[in-house]
Each structure stands twice: as C-alpha cells, then as structure tokens.
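What follows is a set of notes on a single structure, which appears directly below.
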Amino acid sequence: MTVVSRFAPSPTGLIHVGNLRTALFNYLVCRQLDGTFILRFDDTDRLRSSEKFVEQIKEDLDWAGIYWDRIEKQSERIEYYKDAAKRLKDKGLLYECFESPQELDLKRKKQLAMGKPPVYDRAALKLSEYQKKEFRDQRASHWRFKLDSQRVEWTDQIMGLVGVETGSVSDPVLIRGDGQFLYTLASVVDDISFKVNYVIRGADHVTNTATQIQLIDSLDGEVPKFAHHSLLVGPKGEPLSKRMSDFSLSEIRDYGIESAAIFSFMSCLGASASPNPSFEKRDIIANFKINNFGSNHTKFDFDLLKAHSKKYLANMPLSEISKYLRDLGVPTDVAPDFWEMAKENVSTRSDLISLWDLCVRGATAKISKDDKEFIKKCKELLPPKPRDRKSWQIWTDQIKSETNRSGKSLFLPLRLALTGKEDGPDMGKLFPLLQKIRM
Ligand code: GLU
C-alpha cells in the first residue's frame with residue numbers, strides 16, 4: 001500500500017520550527033516510500049485565515065525543500081463537510097446544543113469546584129423538541145459529536161500503545177454557532193476522502209486522535225496509522241512560544257540559516273541515533289526512521305542549528321556559492337581563493353560581505369603603542385604586489401629575522417594591523433587577497 005500523508009497548517013500565521021518538524025516527518029515518510037504528500041490548508045476559519053499566510057507557508061516550505069504533490073484547501077470543500085454532518089445527524093451522532101460560551105464556562109467552573117473533570121454534561125441531549133424550538137428562536141446553535149464512552153486505543157508509531165478514555169473527554173463541537181465547520185470534522189472528512197493512511201503530528205493532538213478515530217469509524221472510513229511526535233522546547237526545557245521569538249521559518253531564513261542545514265538538522269533532532277546527520281537529502285530520506293524518535297520533549301537550540309549551518313557552509317563546493325559571490329562583486333578568477341579562505345570563517349552567507357569588504361578596502365589597523373615600531377618595520381618589509389600564497393610565509397620569515405619577534409608576539413599585532421581583529425581567517429590565505437593594506 002502506498003503512503004498518503006499530509007501536512008495541514010492553518011493559514012492564520014507563520015509556520016515555525018515545530019510546524020516544520022511535522023511537515024518534514026510527513027514528507028520524509030512519503031518520499032521514502034514513494035507516496036503522496038498533500039499540503040492541506042485548514043482554513044475553515046475565514047476570519048483568521050488569510051491568503052497572505054497561504055502564500056507565505058508555501059514559500060517557506062519550498063525554501064526548506066519540502067515539496068508537495070497535491071494541494072487542498074478546506075474552504076473549498078464545505079459541501080463534503082455538510083454531507084458528513086448530515087450523515088452523522090441521521091445516525092443520531094451529531095446533536096444540537098444551545099449553551100453560550102459564558103454558560104459553558106460557568107458549568108466548567110462548577111465542575112472544577114466540585115473536584116470533577118470539566119467534561120460537557122450533555123444537557124442538550126435532554127432538551128425536548130419544544131425547548132429546542134424555543135432556543136432556536138433566541139440563539140444560534142452549535143453541534144456536538146456524541147462520543148461513545150470507551151477506551152480508544154491505537155499503536156502509535158512513536159509512542160507505542162496509546163489509550164484514551166473518551167468518557168473523560170467533552171463531546172467535540174463539530175459545527176459552530178455561525179455554521180463554521182471545525183477542524184475535528186473537516187480533518188477527518190478530508191483524511192477519508194484523500195485516503196490519507198499515515199498521520200504524523202504533534203503530541204498535542206493525542207486526545208483529538210481518540211475522538212477522530214471514533215468519528216472516522218462513524219463515517220465508515222479507514223483509520224490511518226498515527227505517529228505523535230514530541231513537542232519542541234527551548235534549551236532549558238522552557239516552552240518555545242514563551243521565548244522572545246518563536247522561530248518562524250521566515251525569521252530563520254532571514255537570519256541566514258541554510259535551508260539544507262535546517263532540513264538536515266530537523267530531520268534528526270530528537271532521534272536516538274544519528275549524531276552526525278547527513279546534509280544529503282537522498283541519504284536523509286533513505287535513513288529516516290520514525291521509531292528513532294521518542295515521546296519526551298525535544299530541545300531545540302538555535303545555537304546548535306547555527307553551528308550546523310556553519311558546518312554546511314564550510315563544506316559547500318564553490319559551484320553552489322558562486323552566484324552569491326558574483327553578486328557580491330567577487331571576480332570569477334578570485335572566487336576560488338576567496339571561497340577557500342572564507343568558507344570556514346562564516347556563519348552565514350551575509351558574513352561574506354564584510355570579508356569581501358576587508359579584501360577590497362582593507363581594515364582600519366589596530367596598533368598598540370608598544371607595537372608601533374614593530375609594525376613600522378613590517379611595513380617596510382611588505383612584499384610588493386602581486387602577492388600569492390607564499391608571500392605571507394616569505395614576509396613573516398623576514399619579519400622574524402629582522403625583529404626579535406616570533407609566535408604570538410609577531411602574528412597577533414600583525415593580524416590586528418591588517419584586519420583590525422584578534423581572530424579571523426588563515427592569514428596565509430587572506431593576505432594575497434588583500435587589495436589594500438592600511439597599516
Ligand atoms: N490544522 C491542524 C494543526 O495545525 C492540523 C492538525 C493535524 O495534523 O491533524 O494543528
């Protein structure tokens with residue numbers, strides 16, 4: 001059986017690393033098994049959904065290298081939800097309720113005060129036809145799915161055997177007072193229609209899964225395989241959303257993280273194996289195993305992602321970066337030497353800007369009082385242009401023999417005079433590229 005999986009964001013905001021993880025897992029499972037990967041926009045909430053976010057999510061996924069085979073929008077499938085609602089009503093499984101949000105809130109508070117779980121009491125089921133008619137004249141009604149009170153179990157591909165007592169869950173609202181179909185119904189109807197047979201999503205959906213399994217059964221659908229991955233937390237275990245930034249993909253891209261690096265990083269974050277993830281998409285797809293992931297919270301540390309991206313850059317062949325270098329103004333004949341010097345010294349592509357600027361315009365020299373004479377001597381010994389890779393060696397050998405300096409006392413002041421910084425690229429590689437020396 002071929003796999004059909006889906007990523008189903010609500011276009012009510014930007015997608016963040018947590019969403020990317022869900023998208024990626026579904027994508028990897030699909031590609032590994034030559035399946036179909038659906039991008040489904042859960043946009044039945046017309047007020048909060050926007051076309052701007054639909055476009056941004058598509059752009060973000062595309063940037064991350066996650067490509068879909070099919071695209072769907074729930075807002076275009078309302079007829080199917082109406083039909084499913086009718087079938088549920090006919091079976092007596094969808095019932096009309098009239099409580100206002102305030103009344104429901106009061107009920108919940110009372111239950112909690114009495115030490116009871118805040119589960120909907122099904123008062124609406126006890127209303128007579130006459131009472132319902134009276135209510136209808138006064139207020140809008142919403143509709144709840146009547147759960148069958150039992151233990152719903154499934155073998156989760158990550159969590160193992162999971163069981164949820166639906167008796168301790170409120171009957172979910174499937175249709176709101178304003179007629180809007182809610183996620184629980186729309187998602188099930190779509191999963192059945194599109195023959196989705198593998199659902200990978202966050203552990204925050206475990207309870208939904210139990211109710212959705214009952215709903216799928218009620219609509220005579222096939223229950224898919226489920227995998228609920230852990231949620232991401234910050235490096236200290238704090239919720240990601242509590243941080244200053246919730247790491248939207250757009251923000252991560254703007255920071256300069258390489259897309260291949262985030263793809264590789266997220267594909268194995270939280271996995272028990274694979275300390276050295278590959279950057280090769282083909283290998284990542286081939287080696288992906290959902291049961292390598294555990295159900296404990298997974299720490300997301302942006303600094304580690306940055307380091308991974310830096311490592312990716314350091315190994316990047318010139319051909320992959322040459323367009324960027326050209327746009328920066330690096331001449332084609334200089335590009336190989338420039339990249340050779342720069343690649344291990346940049347965290348993001350934009351760091352190349354200042355390195356190229358250093359090559360073209362030089363840096364303001366930093367020279368301490370004690371080094372003034374020394375640097376003056378170095379300047380006198382400066383080899384004339386053109387300089388090549390051996391020039392640095394020749395120059396510093398000469399400085400060594402003419403001054404009494406060697407080691408750090410020679411190299412540090414020289415670096416400071418040439419670059420204005422205490423550390424940076426290998427001077428042997430940088431020196432021949434310096435077009436201007438301002439010491
Ligand atoms: N729109 C839902 C969400 O973003 C989809 C959940 C699911 O995968 O079923 O949480």
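Nothing in this text is a laboratory measurement; each read-out follows from the coordinates by a stated rule. Keep in mind the model is a prediction, meaning the values are calculated, not measured. Here the Cβ positions follow ideal geometry from the backbone for every residue, glycine too, while neighbour counts run over all protein chains shown.
Worth a mention:
- Cα long-axis angle, helix 372-381 against the chain (0 to 90 degrees, to the nearest 10): 70
- Under a Gaussian network description of the chain, with springs only between Cα atoms under 10 Å, the residue in D333, D426, D191 that fluctuates furthest is D333.
- Helix axis angle, 78-90 relative to the chain longest principal axis, alpha carbon, degrees: 40
- Under 5 Å from the amide H of D156 lie the amide H atoms of L161, V162, each residue being 5 or more positions distant or on a separate chain, with H modelled from the backbone and absent for Pro and chain starts.
- Our coupling estimate for the range 355-365, obtained by passing each phi through the Karplus curve with A = 6.51, B = -1.76, C = 1.60 and θ = phi - 60°, is 5, 5, 4, 4, 5, 7, 10, x, 10, 5, 5 Hz, Gly and Pro reported as x.
- Inter-probe distance in nm under a simple model that places probes 7 Å from Cα toward Cβ, at E373 and K58: 7.1
- Relative to the longest principal axis of the Cα atoms of the chain, the long axis of helix 51-64 lies at roughly 50 degrees.
- Backbone amide hydrogens, once placed in the peptide plane, bring G202 within less than 5 Å of H229, excluding anything fewer than 5 places away on its chain.
- A crude spin-label estimate for the pair S193 and R48, with each label 7 Å from Cα along the Cβ direction, gives 2.2 nm.
- Extended-chain gain in nm, criterion 0.36 nm per residue less alpha-carbon gap, D246 and S354: 36.0 nm
- Counting DSSP beta bridges with both ends in the chain, the antiparallel % (nearest 5): 50
- Once the C-beta distance of E129 and S168 is scaled by a Förster radius of 45 Å, the resulting FRET efficiency is 0.90 to the nearest 0.05.
- Taking θ as phi - 60° and the Karplus parameters 6.51, -1.76 and 1.60, the scalar couplings of the range 203-210 work out to 5, 5, 9, 4, 5, 4, 4, 4 Hz in sequence order, x denoting glycine and proline.
- In order along the range 66-77, phi translates into HN-Hα couplings of 9, 10, 9, 9, 8, 10, 9, 10, 5, 4, 9, 10 Hz, rounded to whole numbers, per the Karplus curve 6.51 cos²θ - 1.76 cosθ + 1.60 with θ = phi - 60° and x for Gly and Pro.
- Cross-link partners of K225 among lysines (Cα-Cα below 22 Å; sequence separation of 8 or more within a chain): K195, K289
- Take the Cβ atoms of S319 and N292, set R0 to 30 Å, and the FRET efficiency comes out at 0.35.
- Footprinting exposure proxy ranking of K343, K89, fewest other C-beta atoms within 10 angstrom first, gives K89, K343.
- By the rule of a C-alpha distance below 28 Å, with chain neighbours fewer than 8 residues away ignored, the lysines paired with K400 are K366, K369, K372, K376, K377, K379, K385, K390, K408, K421, K429, K436.
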